[in-house]
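A short write-up of the structure that comes next.
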Amino acid sequence: MIRMIRYGDLVETPWKNGGGLTREIARGGPGEPAPWRLSRASILRDGPFSRFDGMIRILTIVEGRALTLRVGSSRLMVEPLCPVRFDGGAAAEAQLPAGPVSPLNLMFDPRLHEGRVEVLRGPLERDLPAFPAGNRAVHCVDGDPRVGRQSLHPGDTALSGPSPVRVHLAEGAMALLVTLDRRA
């Protein structure tokens, strides 16, 4: 079964520090922080990220040019469509040398899940097999990819669980495939 989440239906939540907005796409389980969360952010100005102790973050820029991410004592240049994984509990700060950016964020508790983000570029026709131990999401970056019989537009996300599903991207279309495995 595929659940469609349209970008226009997402609710914007301002960051506590005023530096951006978050639009939650999906989350798993009760509690705060949830065992996993998928969201789309708008980073509007330089500043710190909220800390999520015990979580891993994978940040992938889908709009905008780049950001410099300081995580602890490390400094990373984050380019568009290049997923970056880091400790969600570490002190992290974004600098925007080329203006605002919009990343897709996957956060998960590594004791319970393992996550990854893969960039898909069209033309592509791919069967995603049955996936009984987790979840998948296809997030549209550009073009109108299809997941099963459902079309996505930029910013839309298709969530699928244990059933097999087919992904089709025409020439020039781009999407992110997010995979979240439950640990045994």
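The values are calculated or read from the model by the stated rules, or taken from the named source; none is laboratory data. In this text, all values refer to a predicted model and were calculated from it rather than measured experimentally. Cβ atoms come from the backbone with ideal geometry, glycine included; neighbour counts cover every protein chain shown. All accessible areas refer to the heavy atoms of the entire protein, side chains included, with ligands and DNA or RNA removed. Shrake-Rupley method; radii C 1.70, N 1.55, O 1.52, S 1.80 Å.
Residue count for region 164-184 under the criterion of being of a type in the set (Ser, Thr, Tyr) and exposed (fewer than 14 other Cβ atoms within 10 Å of the Cβ): the result is 0.
Filter region 102-122 for residues that are open to solvent by 80 Å² or more (accessible area, probe 1.4 Å) and in a strand (DSSP E or B); which is nearest to ASP156 (Cα to Cα)? Checking each candidate, the answer is ARG121. Within region 57-75, residues that are within 22 Å of ARG111 (Cα to Cα) and open to solvent by 40 Å² or more (accessible area, probe 1.4 Å) have Cβ atoms under 7 Å from residues that are modelled with pLDDT of 90 or more and not hydroxyl-bearing (Ser, Thr, Tyr) in these pairs: GLY72/ALA90; GLY72/ALA91, counting only partners at least 6 apart in sequence or on another chain. For the condition touching a residue at least 12 places away in the same chain (Cβ under 8 Å), of a type outside the set (Val, Ile, Thr) and open to solvent by 50 Å² or more (accessible area, probe 1.4 Å), ARG146 qualifies. Scanning region 28-73 for residues that are assigned to a strand (DSSP E or B), of a type outside the set (A, V, I, L, M) and at pLDDT 90 or above turns up TRP36, ARG37, SER39, ARG40, SER42, GLY47, PRO48, ARG57, THR60, GLU63, THR68, ARG70.
Within the bounds of region 31-39, is there any residue that is hydroxyl-bearing (Ser, Thr, Tyr), open to solvent by less than 20 Å² (accessible area, probe 1.4 Å) and in contact with a Ser or Thr (Cβ under 7 Å, 6 or more places away or on another chain)? Within region 31-39, one or more residues are hydroxyl-bearing (Ser, Thr, Tyr), open to solvent by less than 20 Å² (accessible area, probe 1.4 Å) and in contact with a Ser or Thr (Cβ under 7 Å, 6 or more places away or on another chain).
Can you tell me which residue among GLY28, GLY47, GLY20 is under 13 Å from PRO103 (Cα atoms), among the small types (Gly, Ala, Ser), surrounded by 14 or more Cβ atoms within 10 Å (Cβ to Cβ) and in contact (Cβ under 8 Å) with a residue 12 or more places away in the chain?
Exactly one of GLY28, GLY47, GLY20 is under 13 Å from PRO103 (Cα atoms), among the small types (Gly, Ala, Ser), surrounded by 14 or more Cβ atoms within 10 Å (Cβ to Cβ) and in contact (Cβ under 8 Å) with a residue 12 or more places away in the chain, namely GLY20.
For residues that are surrounded by 19 or more Cβ atoms within 10 Å (Cβ to Cβ) and part of a strand (DSSP E or B), tally how many sit in region 87-101. Here the count works out to 3. Of all the listed residues (GLU171, GLU125), the sole one being at negative phi and either among the basic types (Lys, Arg) or not in a loop (DSSP other than H, G, I, E, B) (or both) is GLU125.
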